[in-house]
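For reference, the structure is listed below as structure tokens.
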Amino acid sequence: MLQTLTERLFDDSDRSELDPFALFEEWFALAKEGELNDPNAMALATADADGMPDVRMVLLNGRDERGFVFFTNFESAKGRQLLANPKAAMLMHWKSLRRQVRVRGPVEVVSVEEADAYFGARPKGSQLASSASLQSRPLDSRETLVERVAELTEKVGENAVPRPAHWSGFRIVPLEIEFWKDGQFRLHDRVRFMRPERNAGWTSTRLYP
Ligand SMILES: Cc1cc2nc3c(=O)[nH]c(=O)nc-3n(C[C@H](O)[C@H](O)[C@H](O)COP(=O)(O)O)c2cc1C
């Protein structure tokens, strides 16, 4: 009988041919079936100039063999932190599956074409809201935000909303990807894939839970 990639992952006989990106796809497909909201939600960890960790949720909105992409305001706290220290960790926890995936690696800015394509595909309301938001900066009242959106809506009219230059995406290029699956009596399964640099081959190790 054909094994799923997950069965091969935890079977211990031979993981050498396993591709963590393909495993991620297998898990993500299950999450999309099973999670009520935002199966693509991930915690994104960064560090500020003092090395103080910071974390918040973002949405995984692009992925391929190069890495994992999310979009944001580059003048936000996370944007500034990543531009100064382009390294991040991300965590996806799918509660109903009782599984998590951890990723760590350097971060790069996506191309203008990728940013335009994603921004252009968003609903106009979301484009206006993200253009009007000075993300992470103090806001005196909700009314100010609503007014900023209304002004921009009027200014744009029937035209397309231009992508703000400070709104784009970051790609986390994974050097580590860990798969964790809940087991009975806390005997969970963990396997970590590591590679020394992008495009290098992966090695994998089972870890104590
Ligand atoms: C489920 C969820 C998804 C979110 N997705 C995004 C996102 O894709 N991009 C983004 O900039 N903020 C997103 N946010 C808001 C961030 O968590 C955060 O409040 C905001 O980006 C400001 O973070 P910062 O001040 O650390 O930069 C999301 C929040 C939640 C709860």
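Taken together, the values in this text are just the output of simple stated rules run on the coordinates, not laboratory data. What you are looking at is a predicted structure, and each value in this text was computed from that prediction instead of being measured. All Cβ positions, glycine included, derive from the backbone under ideal geometry; neighbour counts span all protein chains shown.
Brief remarks follow.
- Protection proxy ranking, highest mean first, for peptides 128-139, 160-171: 160-171, 128-139, where packing is the per-residue count of other beta-carbon atoms within 10 Å, averaged.
- Cα-based helix-to-principal-axis angle, 142-156 vs the chain, degrees rounded to 10: 80
- For the range 129-191, the set of GluC sites (Glu not before Pro) satisfying both a DSSP loop assignment and a count of at most 14 other C-beta atoms within 10 Å is given as 158.
- Ranked 110, 156, criterion: other C-beta atoms within 10 Å, fewest first: 156, 110
- Taken over the C-alpha atoms, the chain has Rg and Dmax values of 19.5, 63 angstrom.
- Space enclosed by the convex hull of the alpha-carbon atoms of the range 1-88, per residue, Å³: 138
- Counted charge near residue 88, where neighbours are those whose Cβ lies closer than 14 Å (Asp, Glu -1; Lys, Arg +1): +3
- In this structure, the pairs whose alpha-carbon distance is over 27 Å, taken from 78/124; 78/181; 87/155, are 78/181; 87/155.
- For the range 41-116 and the range 179-197, distance of Cα centres in Å: 21
- Using R0 = 22 Å, the C-beta based FRET efficiency linking residue 84 and residue 59 works out to 0.45.
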